[in-house]
Amino acid sequence: MTVQIDNEDLKQVRSEFLDTPKYRNTQNAVMKNGIKKSITNQSVINSQPFVFSVDVDSNKVMNQKQSGRCWDFSGLNFIRYHVEKEHHIKDMELSGTYVYFYDKLEKANYFYQNIINTADRPLSDRLVNWLLTTPQQDGGDWQLLVDLIEKYGIVPFEAMPEDAVSANSQELNRMFNRKLQKDALKLRDLANSDASDEKMKSVLHHLNAENYRVLAISLGTPPEKFTYEYRDENNEYHTTGQVTPMEFFKKFVNINFDDYVELMNLPGENYPYNTPFGVEISGNMVGGQPSRYFNVSMKDMEKTKRFEYRESLPTHAMLISGVDMRDDKPIRWKIQNSWGNKPGHKGYFIMGNDWMEQYTYETVVNKKYLTDEQLAAYEKEPVMLPYWNAMNPI
């Protein structure tokens, strides 16, 4: 059955719209103020005071600006909280640009490897087409951040601050992807002409060197060594002397990343609970650890008593930094975003538990908050989801 829009029907709809005051009033409000402001329920806002029974982090909020680095910033906020707590530092910032640089560099090389692995497939192949459509982009996930930090370390904001390109990544992504698409053509031709391993390695080395130069021009050169100086909460002066990014990481970050697991809530017949899942081609580097998600119900996810963890959605990641508990049940959550200090309450937001239940797909928690049964199930071989699944962060 097909239905066409009829002009006479439109006349009736238009007439009814113009004759209904609530439609006209809503139209006036939306056209004047925009959709979001017009539908905001002020009474709901007034009924939610910005006070939480468990409040972990209220420090300065970082700003990802016009980029898709929410996973980068939320993960660094989680790390920063532990650094500030252990070393008694107030409002410390870690460099999102430093991690961003190496994420781009590694994603390009990861793309090359996948192009070589699929060189025997036609360009019309679904996977090849998917790879070529977006060779790399800003998105990411917890395990991707862990892989980058464990390989390259971290640096304070001052050692590699934001610049015009990191603050607005659209131009870089468009230009960089065009380069990678051209590189893919060269690599497919070489692979299909049975080029030697030595030749392939030489070409890959050359392409990666080009990529480094592109990223260095755009984002700055990552520091090999730097000095971090600061005053603690007691106004005592400290200095690291000359350290590498990895030395800085080991000195300041007392976190065992292996202690953390990614919980997800994907209801449905194809996603059984208490089951580990993986996603094909979802990494950001050759040799990186594959992401592993443990599917649990929202009730299990809410039972976790660890509130200083990173919370991630397929489209946006934030840090849960507090919760309001009533009768041992969460009522609302304190969310540290990465949009600077102007939106919300100095950059923080309130997430009602009903919103949490409907729209939260992933959290990262310490393994010790899982039951023995959940831990045993988590260690099983994961069910692999296809690369085009919505959980794929790349």
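We did not get these values from a lab; they are worked out from the coordinates using the rules stated. These figures come from a predicted structure and were not determined experimentally. Neighbour counts are summed over all protein chains in view; Cβ atoms, including those assigned to glycine, are modelled from backbone coordinates with ideal geometry.
A simple rule links phi to the HN-Hα coupling: the Karplus curve 6.51 cos²θ - 1.76 cosθ + 1.60 with θ = phi - 60°, which for segment 282-287 gives 10, x, 10, 8, 5, x Hz, with x for Gly and Pro. Between amide H atoms placed 1.01 Å from N, distances below 5 Å from T275 occur with N295, all of them 5 or more places distant or on a separate chain. Taking θ as phi - 60° and the Karplus parameters 6.51, -1.76 and 1.60, the scalar couplings of segment 253-263 work out to 10, 9, 10, 9, 4, 5, 7, 10, 10, 9, 8 Hz in sequence order, x denoting glycine and proline. Put a plus charge on the Cβ of each Lys and Arg, a minus charge on the Cβ of each Asp and Glu, and nothing anywhere else: the dipole of segment 61-168 about its Cα centre is then about 220 debye. Each of A119, Q181, T363 was scored by the projection of its Cα onto the charge dipole of the chain, and the greatest displacement toward the positive side belongs to Q181; charges sit on the C-beta of Lys, Arg, Asp and Glu.
Projection of the Cα convex hull of the chain, averaged over all directions and equal to a quarter of that hull's surface, yields 26.6 nm².
Here's how it looks for G352: its modeled amide H is under 5 Å from those of W333, which are all 5 or more places away or on a different chain. For segment 185-334, the relative contact order works out to 11 percent when only alpha carbon pairs closer than 8 Å and six or more residues apart are counted.
Close amide H pairs (under 5 Å, H built 1.01 Å from N) link L94 with F157, residues at least 5 positions away or on another chain. Working note: Karplus 6.51/-1.76/1.60 with θ = phi - 60° gives segment 81-94 the couplings 4, 5, 5, 4, 5, 6, 9, 6, 10, 9, 6, 6, 10, 9 Hz, where Gly and Pro are set to x.
The separation of segment 86-115 from segment 193-247, counted between C-alpha centres, amounts to 10 Å. Computed over the chain with a Gaussian network model linking Cα atoms closer than 10 Å, the most mobile of Y112, Y369, Y348 is Y369. Springs between alpha-carbon atoms under 10 Å, Gaussian network over the chain: tell me which of N256, N33, N129 tops the mean-square fluctuations. Maximum among the listed residues: N33. Of the residues Q27, Q289, Q170, the one that moves most in a GNM of the chain with alpha-carbon contacts below 10 Å is Q27. Hey, what D do you get for segment 1-95 in µm²/s if you plug the Kirkwood alpha-carbon radius into Stokes-Einstein at 20 °C and 1.002 mPa s? My calculation gives 113 µm²/s for D.
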